[in-house]
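Accompanying notes for the structure given below.
The values are calculated or read from the model by the stated rules, or taken from the named source; none is laboratory data. Keep in mind the model is a prediction, meaning the values are calculated, not measured. Cβ: placed from backbone, ideal geometry, glycine included. Neighbour counts: every protein chain shown. Areas reflect the complete protein model, heavy atoms only, side chains present, ligands, DNA and RNA absent. Shrake-Rupley method; radii C 1.70, N 1.55, O 1.52, S 1.80 Å.
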Protein chains: 2
Amino acid sequence: VAGWCRTVQGVSRRAIKMGQSDPRKIVFSAKMGLALMLISLLIFLKEPFKQLSRYSVWAILTVVVVFEFSIGATLSKGFNRGLGTLSAGGLALGMAELSGLAGEWEEAVIVASIFIIGFIATYAKLYPTMKPYEYGFRVFLLTYCFIMVSGYRTREFVHTAVSRFLLIALGAGVGLGVNILIYPIWAGEDLHKLVAKNFMGVAKSLEGCVSTYLNCIEYERIPSKILTYQASDDPLYSGYRSAVESTSQEDALMGFAIWEPPHGRYKMLRYPWKNYVKVSGALRHCAFTVMALHGCVLSEIQAPAERRQVFSRELQRVGYEGAKVLCELGNKLKKMEKIGPIDILNEVHEAAEELQKKIDQKSYLLVNSESWEIGNRPKELAEIQDLLDLDDEENKFHEYKSLSEAVLDLRSFPGSQSWDDPVPAKSASLNTSPPDSNPSNLPVPPGKMFMKQISWPAGMTFKAHAEPQVEESNTYQNASQLSLATFTSLLIEFVARLQNLVDSFEELGETALFKEPVDLPEPL
Amino acid sequence: VAGWCRTVQGVSRRAIKMGQSDPRKIVFSAKMGLALMLISLLIFLKEPFKQLSRYSVWAILTVVVVFEFSIGATLSKGFNRGLGTLSAGGLALGMAELSGLAGEWEEAVIVASIFIIGFIATYAKLYPTMKPYEYGFRVFLLTYCFIMVSGYRTREFVHTAVSRFLLIALGAGVGLGVNILIYPIWAGEDLHKLVAKNFMGVAKSLEGCVSTYLNCIEYERIPSKILTYQASDDPLYSGYRSAVESTSQEDALMGFAIWEPPHGRYKMLRYPWKNYVKVSGALRHCAFTVMALHGCVLSEIQAPAERRQVFSRELQRVGYEGAKVLCELGNKLKKMEKIGPIDILNEVHEAAEELQKKIDQKSYLLVNSESWEIGNRPKELAEIQDLLDLDDEENKFHEYKSLSEAVLDLRSFPGSQSWDDPVPAKSASLNTSPPDSNPSNLPVPPGKMFMKQISWPAGMTFKAHAEPQVEESNTYQNASQLSLATFTSLLIEFVARLQNLVDSFEELGETALFKEPVDLPEPL
């Protein structure tokens, strides 16, 4: 008994939690109970319709089946049900007339017609473009068979068809009335919210990826859920994953939303729900670069921390500005505002250009010159990298406040160093040993690089034993340098893709008649 | 009339086409017709059951609703229906007894119970883990309301419940019998085929991306469907997209497959369908790098053709070997074979290592030295790049035959040049001008780079006008060099992720008892 009590407690706790997180679910359940109550009242209390109530099952069935969570889904199902019933009823009445003419072959004609109609309706249902009408075909089949069979038995084809139709209309009327008039739940509103949420998710992932990468936070062990693309709690991962995975949900919501009449903030016939899905698709196209950035974080071939710090300020800025643009677009979408005359991409483009210039100056850090067939570059050039100007960096990091909880404090990283700003050569090279001229002096111990679950060199060792150890470790060091180039280049690609996103957003703003932005963000 | 004829013609042509592409659809439709025919025969021809056939609607309803495309879906729906009916029937009979005790308040008790049961069942249905039983809850509600309402009217609670249950059992029996005994369609088989198809799709995309990149084939205009991640015919795109997008389809098929009894090649209780989905997830993790590679092809910032040709042979080989591994795994999955003692990744790792070594030697080609703050590298080093050894390359390309139609003939590219193999400096530098020391002499005219739809520098020109034009074009030239580094590094990342895929495949092979490979691929 105690165990049973605990189960009940657990279930009710979870039920209350679900209600708190989305109170619409409670309202919807109460609406469903109300609709069922009304239909039973109508059927079993009203004496004059006693005759009709023999077919009460149809009304109850209609309410149970048509009552969907959102208004759009309810209307679409109601339409399917109505169309299926009417067309099947008409066909069945015609067929009944025909089969009556067949005389003694009547049964055979009826059974054969059921087979043929069953075959055709099922086959048509399987055609891809008929998918939204799947339910209509089911109702069609059911109605046709029912009228043929029970009509034959009672010889009241017309009566069966009419009473069935009346009760379905009654059920649909009660169901639609309760669902639409009391606290309606709109699929369009859900779609709008989902797209806005995706913006925030991608922004969170982007900022988180950049900051994790710059802080050299590595996964102790990559969750196998990420490796097999299953849902996981990882904040960097879940942000873009939910944006990428929402395709089918968006399509379903859009399919319902187009059935909904103008309502609330969507005061427009033929509201362009399609454009919301399009904006979300353009966002997904951006999210794929964030996914690739996360791939750099996950990869076991990692750039040494020192080199990342060289580009740290610029990378940080691009990540911050990129996330800011996404958040701004998401907020504007929520508030249904146009972008307005300002160039929303201005700052992120500036940041990207700055990063690009930094690469121009320092691109020798992205590669390893040791094995160049054209000869190594002069020793003193390599030593420049060792200049530290920590103080300068410290001040600059304060500018970029985190937009989300996924971003960790950059300054807490103990080795946060930088060789930013050109400084005269040799000024500080006496104190420390140049890290990239000494492959065994890697900041991350080489063993740690291969600690991860996916370890591609593992399969290779059996043939590499003839080569000296140094050469192999060089190979990975070089790959590790490239990893930084990849991260940088993907970030620039992300910025490039933002233009496309802004274009789709503007198209949405035009077609959906978004309002002009009220407050200018900054006085110029 | 002529127009109507044409419509009929068009519809029937499409219907025939659908039947040819998947004959199972015809068989399924015929089965559906047969089941409906059988149930009508049983109901309206058998005189002894005349009494029962008043409730014929239940049998027909059950057949229409339970008859699903695959066996797993049919069994799962049948189970839901059975469970819902039985539990609702039991509850309704109990409630009827209770309401009888209430005396004059009987109607009130019945109506209130309908509201409460409706509320609880709907609320429980909305709980996420209850999703697979959604249909069961609907049936539960329907049955409960129907028995309460019609039982009250006729005072035959038990009779209503029993006859309803008998007819549902009859309908379910006919539906399941026809669906399982005649040409069964298994969801597990579909899942198996889908996963194998995804392997081929990703392999095709990978090879196509590498070859398109090396041939410098650019999109005249990127299809807006790709930019908003909608389905498109593009062969490079559709291959990985279908693998990435099949998540929900796989989950649905797995949900049905676990209901299916052992059959055909899957002779095992509790067959590990979950592992198929896991392998597919690991494949998806690889597909994301292919997606990023395709992003390099789509990007408007492109590396000059000459530089790509330097790494052409190695990139081509990695792409070819990677696609070969995927195809091999796909075929082994199809044939349900284990990987066996051979190391399937051996060759692709060798190819990746070769590429890595090439990068070691030539990584100066991945960056632009012009703006280095440490000074430009010596002129004569830059000129080495201009050595051409076309003849050598021509012979090597024959080794890599295309695995799919998406790969274009590499040799047809007019500018297919290469500076492979270290050659003594200055031997050929007199004939041609060094391309990277002269920014205006780009192989791709700079105008062409910005031709595409997504053009991020466009938004920047209004503020860059003060700077000399040369500097800006330098910036993009440098970015374009990095694009090659990104492509290379992503390809290496792809190879690294293959290990994880092979691991999940081996796990599947173990749990699903795949057979040992019969023929060793090569005599050692």
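Sorted from shortest, what are the nm distances separating the label point of B:Asp343 from equivalent points in the other copies, each placed 7 Å from Cα along Cα to C-beta?
5.4
Have a look at the stretch A:57-151 and give its Rg and Dmax from the Cα atoms, expressed in angstrom.
Over the stretch A:57-151's Cα set, Rg and Dmax evaluate to 14.8, 50 Å.
Residue by residue through the stretch B:287-300, which ³J(HN,Hα) values in whole Hz follow from phi under the Karplus form 6.51 cos²θ - 1.76 cosθ + 1.60 (θ = phi - 60°), with glycine and proline marked x?
Ordered by residue, 3J(HN,Hα) equals 4, 5, 6, 5, 4, 5, 4, 4, x, 5, 5, 6, 4, 7 Hz.
So what's the projected area for the stretch A:210-281, the Cα convex hull averaged over all directions, in nm²?
6.9 nm²
Run the label-point distances for A:His263 please: 7 Å along Cα to Cβ, every other copy, nanometres, shortest first.
Inter-copy label distances (nm, one decimal, shortest first): 4.2.
Check B:His263: other-chain or 5+ apart residues with amide H under 5 Å from its amide H, H built from backbone geometry?
Excluding prolines and chain starts, which carry no amide H, the hits are B:Met268.
So how much accessible surface do A and B hide from each other in total, probe 1.4 Å, in square angstrom to the nearest 100?
The contact between B and A buries close to 11600 Å².
Regarding the stretch A:114-175, what are the three Cα extents along the principal axes, ordered largest first, in Å?
37, 32, 10
Of the listed peptides B:3-13, B:240-250, B:222-232, what is their order by residue-averaged count of other C-beta atoms within 10 Å, with the highest listed first?
On the way: B:3-13: 9.6, B:240-250: 20.3, B:222-232: 17.7.
Top to bottom by mean Cβ count within 10 Å: B:240-250, B:222-232, B:3-13.
If you count, for every residue in A:18-28, the Cβ atoms of partner chains within 10 Å of its Cβ, what is the mean?
Details: counts 5, 2, 0, 0, 1, 0, 1, 5, 4, 0, 5.
Counting Cβ atoms of other protein chains within 10 Å of each residue's Cβ and averaging gives 2.
Let me know the volume per residue of the alpha-carbon convex hull for the stretch A:267-324, in Å³.
Details: hull volume 5.0 nm³, N = 58.
Each residue corresponds to 85 Å³ of Cα convex hull volume.
Rounded to the nearest angstrom and ordered from largest down, what semi-axes does the equivalent ellipsoid of the stretch B:121-228 get from its C-alpha gyration tensor (root of 5λ)?
Semi-axes (√(5λ), whole Å): 54, 21, 11.
Within a 10 angstrom radius of each residue's Cβ in B:109-121, how many Cβ atoms of other chains show up on average? Whole number is fine.
Counting Cβ atoms of other protein chains within 10 Å of each residue's Cβ and averaging gives 5.
Counting heavy atoms of the protein chains only and a 1.4 Å probe, report the per residue accessible area for the stretch B:117-162 as a whole number of Å².
Result: 41 Å² of accessible area for each residue.
Sticking with the crude label model, points 7 Å out along Cα→Cβ, report the distance from B:Leu41 to A:Ser12 in nm, one decimal please.
It works out to 5.5 nm between the two label points.
Roughly how crowded by other chains is peptide A:348-360, in terms of the mean Cβ count from those chains within 10 Å of each of its Cβ atoms?
Details: counts 2, 7, 3, 0, 5, 8, 0, 1, 8, 5, 0, 8, 13.
Taking the mean over all residues of the peptide, I get 5.
Quote the Stokes-Einstein diffusion coefficient, in whole µm² s⁻¹, for the stretch B:19-178, based on the Kirkwood radius over alpha carbon pairs, a temperature of 25 °C and a viscosity of 0.890 mPa s.
Approximately 144 µm²/s, per Stokes-Einstein.
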